[in-house]
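In what follows, a single structure is set out as C-alpha cells and then discussed.
The values are calculated or read from the model by the stated rules, or taken from the named source; none is laboratory data. Just so you know, these numbers come straight off a predicted model, no measurement behind them. Here the Cβ positions follow ideal geometry from the backbone for every residue, glycine too, while neighbour counts run over all protein chains shown.
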Amino acid sequence: MGSGGKLVIAEKNSVAKALAYYLAESKVSVKNVYNVPSYWFRRDGDAWISIGLRGHIMEFDFDKRYNKWTTAKISELFDEEPILTIKQDSAKYVRAISYLSKRVDHVILALDSDVEGEAIAFEAMMVISNANPSVRFSRALFSAVTRDDIIKAFNELTTPNPNYARKVFTRMKLDLKLGAAFTRFLTLSAKDGGAEVQGRKGVLSYGPCQTPVLGLVVQRALERENFKPTPYYVVEVTVDVDGEQLKLSTDRIDEEARAREIVEAVKSAGALKVIESVGEKVRMQPPKPLDTVELERRASRFLNVRAKNALDVAEDLYRYGLISYPRTETTIYPKTLDLRRIVRDLAKVKDYGDYVRANLAGELRPTSGGSSDNAHPPIHPTKGASAWDVTRIFGKETHWRIYDLIARHFLATLSKPAIVERQRIVAGIDGVEFRATGLVVLSRGYLEIYPFESPREVGLPISKVSAGDELRVLAAEAVRKKTQPPPYLSEAELLRLMKQYGIGTDATMQDHIHTNIERNYFTVIKKQCIPTKLGKAVVSILNENASALVDPLFRSQMERRLALIGEGTARPETVHDEIIKEASEVYDKIRPKYQDIGIQLASALRERAKNRRGLR
C-alpha cells in the first residue's frame, strides 16, 4: 500500500467490519494481522484498512516495586506517579495497529463518541505515533452504525479532543491510587487482625464508586432491619350498591378502642351517607426519550434484566446497526434526527406496523426531557427488526426483549397520552369518612404500544351512586394492621440514587453495581439489592472511622471536578492534586486505627466463614 493509504480504528471488530462494508466502493478483503481481523478495501481512489480493538488498550499501573504489599508503602501510593502501560490482553491489537500504521499516512479514529472512546483514541495515537511519527490523525464521530451515519461522519472528519482524554486518564489515575491504597489498608488490617481473607484475588476491595454504592445498599437494608412496626387499625365497611358489594375503609386509626367505637356506630346506623361519588379524567403522559440510566432502570423493572446485562446487550445491538449509541445522557431528540424515517422503518415490522399506521400517520410530536450531553441523541432504533431478525443475529431472547423495549419506548414518545379516570366514592357517619378508590383506562393512547406502564384497573360503580344516597351496611369490622418496613433497594432505585448523587457516569454505573456483586458485598435477588454480612461490616467500619469513603457526595464532588477537565476549564494536575490531598487526609485519619479496624474486619470475616460452614 503506497502513499495516501488510510487506516480506520474502531472500538470493536463488529464496528470495524460494518465501517468497511459501508465505506467500500468495491469488494472487501479480510486479512488477519497478528490474529486480529482487518478489512481491506478501496475508496476515493485510496487503499483503506479498517480494524477493531477491544476497548482500552492501555491502563495505569504502579512501578513493580509496589507489587509487594506492606503497610509502610500505602501512604506512598498517593504521591507515586502511575505508569501508562499496554494491557496484557491487548498486545496483539497494539502489534496489529503498529504494523498497519506504517502502510498509511492518515489514521481515522472511529472509536465510540464519548469520553472513554476519546481516551482510547489517544491510546491508539500514542502507539501509532511511536511506529509512524509522520502519520496524520482525524476523528470520526457517529451515534449509530448505519450507512447514512457512517458516510456523514467520514465526510465531516474532525480532530480528537484532548480534554476528554485528559479527564479519563485523570480519573483512571485517581481510581487506581485510591482503590489500591484503601484496598491494601482494609486487606492488610484484616489479615493482621487474624482473618484469612478469601474471595476474588484474596482482597477486601475498596473503590471510589464501588463503596459509596455499597453504602446506599447497606443504608436501606439497615433502615429495613431496624424498623419497628407500629400497630394501627382501619375500619372496613361493606355496603350494598344495587345488589353488588362495595368495600370502603377509614384512614389509619391509632387506638383500637376508637376503631371499635366506629364499628358499633356503623352497625347501629345500618347505613352510610354518600358524601361524593366522582370520576376525574387524568392524562397519563408518554415517557421521555430514553437515556442510558433510564434504559437500565426500565430493563430491570419491566424485563427483570440486570442493568449491566441490559447495557451489554444494547451495545451489541448498536454495533449491528439496530439502535443508536446506548451511552447517552440526552433526553431531547435533536431536530436533525429523522423521526419519520425511523417510524416508516418500524411500520414494516409486524409487531409495530398496525399501531404505527393507525396512530402515527400524522404530524409527529415527540415528548422531551430536559437534558443533553451535546454528543449523542436519546437511545432509539435505527433499523426496523423483527424478533426473528434479532434472534437470528444473536441467538438470545434477551437481545430481542431489549430491542423491543427500545422500539416501543421510541414509538411511545411520539404517541398521544393515555386518558384514565381516577374514581372515588366517599361516604360517612358521625364525621367519620370511609372511602374507596378506583381507576379505569378510558383511552389507551401510548399504552397500546407500551403496555409496560399499564395501570391496574379497578372500577367503582360511580354512575350508580350520588351524593346524599344512603348505602346499606352489610358488614363492618376493625382490622388490625402494622406499618411496613421500607423494601430493600431495587436495582432500578439504586441506579436512580446513583444518578441523583452523581456516582459514576451513565457509562459506568452498572459496572459499579456488578463489582460489588463480584466482591460478595451484596447480591441481587428478585430485583432487590441485599447486602452480605461482609458488605455491612465494611460499610459499618468505614462509617465509624472514615465516613468520607462511603459518603456518595465524596464521589459526586470528584466527578464534578473531573467534568471541568473535559470542559477545558480545569487543569488535570490541579484536580488530581486536590482530590489526592483530601484522600490522604482521610488515610491519615484512619491509619492510627489500623489495629482496631483489622480486629473488626477479622471478626466479620470469621462470622461469615462460620455461617458458611453451618450451611454445609
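Identify, by number, the condition in (1) crowded, with 18+ Cβ neighbours inside 10 Å; (2) out of contact with any Gly (no Cβ under 6 Å at 6 or more places or on another chain) that Tyr594 doesn't meet.
(1)
Name every residue in segment 375-424 that is touching a Ser or Thr at 6+ places or on another chain (Cβ under 7 Å), closer than 22 Å to Leu447 by Cβ and either free of Cβ contacts under 8 Å to residues at least 60 places away in the same chain or assigned to a loop (DSSP other than H, G, I, E, B) (or both), in order of residue number.
Listed by number, the residues that qualify are Pro378, His380, Trp400.
Need a quick list: helices (runs of 4 or more DSSP H) entirely within segment 94-192 having at least 1 residues that are among the basic types (Lys, Arg). If you could, list the steps in order and put the result at the bottom.
Values: elements: 115-131, 147-155, 162-192.
Here the list reads 147-155, 162-192.
Among the residues of segment 87-101, are any among the hydroxyl-bearing types (Ser, Thr, Tyr), under 16 Å from Asn132 (Cβ atoms), surrounded by fewer than 20 Cβ atoms within 10 Å (Cβ to Cβ) and in contact (Cβ under 8 Å) with a residue 12 or more places away in the chain?
yes
Here is a list: Leu290, Leu360, Leu339. Which entry is at pLDDT 95 or above and out of contact with any helix residue (DSSP H, G or I) (no Cβ under 8 Å at 6 or more places or on another chain)? Break it down stepwise before answering.
Values: Leu290 fails: out of contact with any helix residue (DSSP H, G or I) (no Cβ under 8 Å at 6 or more places or on another chain); Leu360 fails: out of contact with any helix residue (DSSP H, G or I) (no Cβ under 8 Å at 6 or more places or on another chain).
Result of the check over Leu290, Leu360, Leu339: Leu339.
Going through Arg616, Arg571 one at a time, which residue ends up being over 30 Å from Arg297 (Cβ atoms), at pLDDT 90 or above and among the charged types (D, E, K, R)? Step through it out loud before you land on a result.
Values: Arg616 fails: at pLDDT 90 or above.
After applying the criteria, what remains is Arg571.
Which residues, counting only those in segment 476-506, are assigned to a loop (DSSP other than H, G, I, E, B) and surrounded by fewer than 19 Cβ atoms within 10 Å (Cβ to Cβ)?
So the first thing to find is which residues in segment 476-506 are assigned to a loop (DSSP other than H, G, I, E, B), and the list is 483-489, 502-506.
Listed by number, the residues that qualify are Thr483, Gln484, Pro485, Pro486, Pro487, Gly502.
Any idea which residue in segment 507-521 is surrounded by the most Cβ atoms within 10 Å (Cβ to Cβ), counting only those that are at pLDDT 90 or above and hydrophobic (A, V, I, L, M, F, W, C)?
Checking each candidate, the answer is Ile513.
Go over the candidates Thr211, Thr250, Thr238 one by one and state the one that is of a type in the set (Val, Ile, Thr) and within 30 Å of Ile597 (Cα to Cα). Spell out the reasoning first.
Working: Thr250 fails: within 30 Å of Ile597 (Cα to Cα); Thr238 fails: within 30 Å of Ile597 (Cα to Cα).
Only one candidate qualifies: Thr211.
Looking only at residues in segment 254-274 that are touching a residue at least 40 places away in the same chain (Cβ under 8 Å) and of a type in the set (Gly, Ala, Ser), which one is surrounded by the most Cβ atoms within 10 Å (Cβ to Cβ)? If you could, list the steps in order and put the result at the bottom.
Within segment 254-274, the first condition is being touching a residue at least 40 places away in the same chain (Cβ under 8 Å), and the residues that meet it are 256, 259-260, 262-263, 265-267, 269-274.
If we keep only those that are of a type in the set (Gly, Ala, Ser) too, we end up with 259, 265, 269-271.
Numbers: Ala259: 20, Ala265: 14, Ala269: 14, Gly270: 10, Ala271: 15.
Checking each candidate, the answer is Ala259.
Confirm whether Pro212 is modelled with pLDDT under 95, surrounded by 17 or more Cβ atoms within 10 Å (Cβ to Cβ) and in contact with a Lys or Arg (Cβ under 8 Å, 6 or more places away or on another chain). Give the steps one after another, and end with the answer.
Details: modelled with pLDDT under 95: no; surrounded by 17 or more Cβ atoms within 10 Å (Cβ to Cβ): yes; in contact with a Lys or Arg (Cβ under 8 Å, 6 or more places away or on another chain): yes.
In short, no.
Against the condition closer than 20 Å to Val94 by Cβ, in a helix (DSSP H, G or I), in contact (Cβ under 8 Å) with a residue 24 or more places away in the chain and in the same structural domain as Ala110 (by TED's automatic domain parsing), how does Ala20 come out, does it pass? Reasoning before the result, please.
Values: closer than 20 Å to Val94 by Cβ: no; in a helix (DSSP H, G or I): yes; in contact (Cβ under 8 Å) with a residue 24 or more places away in the chain: yes; in the same structural domain as Ala110 (by TED's automatic domain parsing): yes.
It is false that Ala20 is closer than 20 Å to Val94 by Cβ, in a helix (DSSP H, G or I), in contact (Cβ under 8 Å) with a residue 24 or more places away in the chain and in the same structural domain as Ala110 (by TED's automatic domain parsing).
What are the residue pairs meeting all of these: first residue in segment 464-486, first residue more than 19 Å from Ile262 (Cβ to Cβ), second residue surrounded by fewer than 12 Cβ atoms within 10 Å (Cβ to Cβ), Cβ atoms under 6 Å, and 6 or more apart or on different chains?
Taking only residues 6 or more apart or on different chains, the pairs are Lys464/Asp242; Lys482/Pro229; Lys482/Pro231; Thr483/Pro229; Thr483/Thr230.
What's the total number of residues in segment 23-37 that are crowded, with 21+ Cβ neighbours inside 10 Å and assigned to a loop (DSSP other than H, G, I, E, B)?
0
Could you say which residue among Arg297, Arg283 is in contact (Cβ under 8 Å) with a residue 12 or more places away in the chain, in a strand (DSSP E or B) and within 30 Å of Lys416 (Cβ to Cβ)? Walk me through how you get there before you give the answer.
On the way: Arg297 fails: in a strand (DSSP E or B).
None of the others qualify; the one that does is Arg283.
Kindly indicate whether any position in segment 425-437 is hydroxyl-bearing (Ser, Thr, Tyr) and outside the structural domain of Ile342 (by TED's automatic domain parsing). Before you say what the answer is, go through the steps one by one.
Narrowing segment 425-437 to residues hydroxyl-bearing (Ser, Thr, Tyr): 437.
With outside the structural domain of Ile342 (by TED's automatic domain parsing) added as a condition, the list becomes 437.
The answer is yes, given that some residue of segment 425-437 is hydroxyl-bearing (Ser, Thr, Tyr) and outside the structural domain of Ile342 (by TED's automatic domain parsing).
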